[in-house]
Amino acid sequence: MKDKTSIRRRIKDISIAKKLYFIVGTMAILIVVELFTLWFAIHTLSSLRALVGAEGLWSKAEKDAVYELNKYYRTHDEKDYASFQKFMRVPEGDHTTRMELLKKDMDINVARQGFIEGRVHPADIDGMISMLRRFYKVSYLSKAIFIWGQGDSTISELVPIGQKIKEQINAPHPSQQILDSLLNRADIINGQVTQLEDDFSYTLGEGSRWLEHLVLELLFSVALIVEITGLTLSISVSRNITKGLRGIIATTDKIKRGDLAVRAPVYSGDEIGQLATAMNQMAEQLILSNQELFNFAYIASHDLQEPLRKINVFTNLLESESNETISDKSKMYMERITRSSLRMQKLIGDILQLSRLNTTEEFEEINLSSIIADVTSDIETLLTRSNAIVTVQPLPTIEANAMQMRQLFQNLFSNSIKFNNKQPHIDILYELIDGRSLPDQYWATAPYKFTKENDQHQANEKFCRISFKDNGIGFEEQYLNRIFVIFQRLNSKHLYEGSGIGLAVCLKIVKNHHGIISARSIPDEGTDFIITLPLSQKNFNTPNI
């Protein structure tokens, strides 16, 4: 078993080019075998046809010999007797070949010469000899050769009969009674040979049909082997390539969605396996690079906040000076410095917040309604100042990280109020769904503990779908794929201040909880953010937080 596994593994590790060369080479060999089989079949059938033709010549020569002997009896013309001897050389030649074929150490030249005397075409002789030697044990051919032997023995009696008839005709006082008896015996032999010829022809006919079926079965079998082998090799190689590529595609899709913990399965050592290995190494490098990047962002942001705080302190001190000391123009400059530094502090704070989301935090059972209440309490001043109307349907209890859930809804509330040119209306609705309601793409990328084939577990998984809808300025459909990308600002006129990080934070939080977030929006009518989160995290692998 280990040897078989080792061989199978070595085959998988062969390069794709060599596998394709192997398939092409194997198919070429099988096609050559098929062509050889076809040639053999045609050659054998042609030899059988030639044997049937030789039997016809043998039969005709025997009939002509008896005819010339009868003619010689009537005319006493030596030319007729010479014709009798000439026709008798055909069965005699066939007899010579038959006797040579029965020998273990056959002399091919003697056998050929016999068939030549039997008036067989030279191009057919070697094929006939090969067929008779190769298939002589087959019942049909064995029986035909036996009948051939009986015919030889019977025909051989014509030679002495002809000699005796010649002696009587050339005798001083020929006996009519003896001549009549000899001629009558020749006619009897002719009748016996005719019956043997019929048996021989019938047997060859049966043998021909048997051989035809054999050849057809052989050709069909070889063609079937060629097709099955070609398909098996092609499907096997194609399946292995497709299997590896699908694994790589699924892995790249998950990496694209931010799941750097996923690894491409390595099924072989060929180019596909090498690509999967390189991709896994790339994912490892991306994790290290991201960690270094976030560490840098955290340190840099932390170090930037201190000088910004000092700038704010000193500008506040300057602004607190008397009007006699600082001019109005200087005050304007101070206000601009203060706004810019505060905006920079906000941006740095958002970056720090995003970087902190990549650390592992615990899940616990939390009530989303309580989270919403906490958030609205924290931003009560903002809600009051904007006269926002908030409608919240009671939300369920889920397994989540409370701090991140607060940040998620706080960002959504802030966006709805900030990007609004009228009195804000915010509606929060929720519905309970199961895994069947989620798109296939979700299960293709979710780090679910159960296998993909175990659809029942996925169908039983419960999710809450939350609709966070506002009546803000909205955005056009062409920006749908950009809103969750960091530093993306859709309002080019800068009428609304923002860092472009808030929705990227929302996306990261939702993904950390193995959920999905999407948006629908109509310009000047509002935006609806749809958040889908599992109620429980126990069937999901450790999150990438």
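The values are calculated or read from the model by the stated rules, or taken from the named source; none is laboratory data. Since we're looking at a predicted model, the values are computed, not measured. Here the Cβ positions follow ideal geometry from the backbone for every residue, glycine too, while neighbour counts run over all protein chains shown.
Please specify each residue of region 83-137 satisfying the condition of being within 17 Å of TRP58 (Cβ to Cβ), acidic (Asp, Glu) and under 58 Å from the mean Cα position of the chain (by Cα).
The answer is ASP124, and nothing else.
Of THR229, THR203, THR242, which residue is more than 30 Å from GLU62 (Cβ to Cβ), of a type in the set (Val, Ile, Thr), in contact (Cβ under 8 Å) with a residue 40 or more places away in the chain and part of a helix (DSSP H, G or I)?
THR229
What residue, among those in region 500-536 that are surrounded by fewer than 19 Cβ atoms within 10 Å (Cβ to Cβ) and assigned to a loop (DSSP other than H, G, I, E, B), is modelled with the lowest pLDDT?
Looking at residues that are surrounded by fewer than 19 Cβ atoms within 10 Å (Cβ to Cβ) and assigned to a loop (DSSP other than H, G, I, E, B), I get GLY500.
For the condition surrounded by fewer than 17 Cβ atoms within 10 Å (Cβ to Cβ) and touching a helix residue (DSSP H, G or I) at 6+ places or on another chain (Cβ under 6 Å), what is the one hit in VAL138, VAL110?
VAL110
When you look at THR26, is it out of contact with any Ser or Thr (no Cβ under 7 Å at 6 or more places or on another chain), polar (S, T, N, Q) and in a helix (DSSP H, G or I), yes or no?
It is false that THR26 is out of contact with any Ser or Thr (no Cβ under 7 Å at 6 or more places or on another chain), polar (S, T, N, Q) and in a helix (DSSP H, G or I).
Any residue in region 35-61 that is under 13 Å from PRO91 (Cα atoms) sitting within a Cβ distance under 8 Å of a residue that is of a type in the set (Phe, Trp, Tyr) and assigned to a helix (DSSP H, G or I)? List the pairs, counting only those 6 or more apart or interchain.
Once the first residue is under 13 Å from PRO91 (Cα atoms) and sits in region 35-61, its partners that are of a type in the set (Phe, Trp, Tyr) and assigned to a helix (DSSP H, G or I) give ALA54/PHE115; GLU55/PHE200; ALA61/PHE87.
Filter region 185-228 down to residues that are modelled with pLDDT of 80 or more and closer than 30 Å to ALA17 by Cα and give me whichever is nearest to the chain's Cα centre (by Cα).
Restricting to residues being modelled with pLDDT of 80 or more and closer than 30 Å to ALA17 by Cα, the top hit is ILE228.
Report, by residue number, each residue of region 77-93 that is surrounded by 14 or more Cβ atoms within 10 Å (Cβ to Cβ) and either aromatic (Phe, Trp, Tyr) or outside any helix (DSSP H, G or I) (or both).
Residues satisfying the conditions are TYR81, PHE84, PHE87.
Considering only region 370-423, state which residues are touching a Gly at 6+ places or on another chain (Cβ under 7 Å) and in a helix (DSSP H, G or I).
Matches in region 370-423: ASN411, SER414, ASN415, SER416, LYS418.
Only residues that are exposed (fewer than 14 other Cβ atoms within 10 Å of the Cβ) and closer than 22 Å to GLY56 by Cβ: list them for region 150-193, please.
SER153, ASP187, GLY191
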